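Below is one structure, written out as structure tokens; comments come after it.
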Amino acid sequence: MTQQQRIAVIGGGMGGLTAGVLLQRAGFKATVYEQAKQLARIGAGINIYPNGMHVLRATGVVDHLLAIGQTPATWFSRVWDTGELLYSQPEAAWHKKYGEPHIILHRGDLQRSLASQLRPDSIQFDKHLVGIEEVGDVLKATFADGSSVEADVIIGADGVNSRVRELLLGPQPPKYSGFVAYRSVFPASRLSRPLDSDGCKFWSDDRHWANEDRHMIIYYTTKAKDEVYFVTGSPDPNWEGTTPVDVTIQEVKDHYAGFHDEVQRVIDASVQISKWPLLTRDPLPLWSSGRIVLLGDACHPMKPHMGQGAGMAFEDAAVLARCLQEKRDDIEGALKLYEANRQGRASKVQRISNANTFLKYEEDPTWCFGYNAMTVPLQPAGEAAKPPQAECA
Ligand SMILES: Cc1cc2nc3c(=O)[nH]c(=O)nc-3n(C[C@H](O)[C@H](O)[C@H](O)COP(=O)(O)OP(=O)(O)OC[C@H]3O[C@@H](n4cnc5c(N)ncnc54)[C@H](O)[C@@H]3O)c2cc1C
């Protein structure tokens, strides 16, 4: 593969922007095609742990993120009603051990920061992919506006409802998990006093409810601590929605009746709350076909309870860029190498995230946070069935 061959990245979310930046830095002509008309600061926070930060460091955004986001000094696990402390995450020790901090920030700020690292004019908006066809040696992607583009490789980074996945494997909607996330972002000035900690997860009690029931996570999204976010995992087995909707504050109050005062005052202070279906998929039979490949939620969506969905999309993007760089003249081989090196780890994270057990109590997260996708040795395709060992800084 010569350096001027073209890579079309479908989707300008977490994984697509990261892939675009890393591929450009590796010498490829990568362009990102995003269906939205522009990047928007929609109401959601995001946690990025050291494994994701290693990849973000390589994209050039980390200094900016540290200037705007919050590296929590305190992050607690607490019992839902009494607030009893279950675990205090050793944030400073993790930073030292894994070489990067855990950061919390607004998702829109992260997206904008990543997009700023792309070469000028290499992200195109209002490009909703509808089809892909193979024309001789090249792939042709067509968009809803009637335009098309030729590429040598197409990366489906188009999220949980991926059209690229559908073109490879046929139509199959993601599975509704029976759980929703309530999400809200609001100015911290709406609270009469600051949050009790920089970040906190209130867990349902195994003795009180069925094993996994509901939780609420609360944190600041800015270094200035002037913006607060909460996100939940809440059972709602009969909901038939497929896209986010706004809900009343009372609906969330009803779901969290009896929860600790910190939860109540955060719900009371919110202005607008949205409800999102939490979607999953069974493992896919393939991640690539020919010169078309998937990454992130397009191939392994998960319930978000481990705060690692974007982390896995970043890691996928990094390993994919490295595989394409290593096998420039063998694209299909590069895509197989990528899948072989990512499938085991992404599936493990997907399983644990869906179970919602991670870091409720003290545990060693080295297998997860100590993995550096920029440097982890690539295992040959036949030998990479086991997840690679984590490394520490
Ligand atoms: C409630 C909730 C909380 C979460 N919290 C965290 C967290 O704290 N930490 C974490 O790491 N992860 C978290 N996640 C998961 C994380 O958001 C996803 O795993 C991550 O965004 C996946 O990245 P992606 O690039 O695969 O997809 P996305 O970021 O969803 O990007 C997909 C992009 O593709 C575009 N697109 C879709 N279809 C097309 C098309 N046909 N043509 C062109 N463009 C298209 C979309 O507009 C979008 O911009 C959370 C998820 C939820 C639901």
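Values computed for the structure shown
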quantity: Lys, Arg +1 and Asp, Glu -1 on Cβ, resulting dipole of the chain about Cα centre, debye, nearest 20; calculated: 500
quantity: Per residue accessible area in Å² of the chain, where ligands, DNA and RNA are left out and the probe is 1.4 Å; calculated: 41
quantity: Percentage relative contact order, region 261-393, counting C-alpha pairs under 8 Å, at least six apart; calculated: 23
quantity: Gyration tensor (alpha-carbon) shape descriptor, region 147-239, a/c threshold 1.5; calculated: oblate
quantity: Overall form of the chain per C-alpha gyration tensor (a/c, 1.5; a/b vs b/c); calculated: prolate
quantity: 0 to 90° range, to nearest 10: angle between helix 331-355 axis and the chain longest Cα axis; calculated: 10
quantity: Among V79, V293, V21: highest mean-square fluctuation, GNM of the chain, C-alpha pairs under 10 Å; calculated: V79
quantity: DSSP bridge orientation in the chain - percent antiparallel, rounded to nearest 5; calculated: 70
quantity: Potential lengthening between A144 and E332 on full extension [0.36 nm per residue; Cα-Cα distance subtracted]; calculated: 64.9 nm
quantity: At most 11 other Cβ within 10 Å, DSSP loop - GluC sites (Glu not before Pro), region 20-109; calculated: E84
quantity: Percent accessible area from carbon and sulfur atoms, the chain, protein chains only, probe 1.4 Å; calculated: 49
quantity: Spin-label model distance (nm) - T243 vs E166, 7 Å beyond Cα toward Cβ; calculated: 1.3
quantity: FRET efficiency for S122 and A92, using Cβ-Cβ distance with R0 set to 41 Å, rounded to 0.05; calculated: 0.60
quantity: Which listed pairs, of K223/K360; K37/K175; K175/K303; K175/K348; K201/K275; K225/K348, have C-alpha distances above 22 Å, in listed order; calculated: K223/K360; K37/K175; K225/K348
quantity: Antiparallel content of DSSP bridges confined to region 1-113, in %, to 5; calculated: 60
quantity: Packing rank of 169-175, 179-185, where each peptide gets the mean count of other beta carbons within 10 Å, highest leading; calculated: 179-185, 169-175
quantity: Computed over region 188-300: relative contact order in percent, which uses C-alpha pairs under 8 Å that are six or more apart; calculated: 20
quantity: Taking the chain and dividing mean pair separation by its residue count, relative contact order in percent (alpha carbons under 8 Å, at least six apart); calculated: 21
quantity: Calculated FRET value between K360 and A257, using beta carbons and R₀ = 30 Å, to 0.05; calculated: 0.85
quantity: Neighbour-limited loop hits for chymotrypsin sites (Phe, Trp or Tyr not before Pro), region 320-380 (at most 14 other Cβ within 10 Å; DSSP other than H, G, I, E, B); calculated: Y361
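The values are calculated or read from the model by the stated rules, or taken from the named source; none is laboratory data. Note that the structure is a prediction, hence the values are computed from the model and not measured. Cβ coordinates were reconstructed from backbone atoms using ideal geometry, including for glycine residues, and neighbour counts include every protein chain displayed. For accessibility, only protein heavy atoms count, side chains too; no ligands or nucleic acids. Shrake-Rupley method; radii C 1.70, N 1.55, O 1.52, S 1.80 Å.
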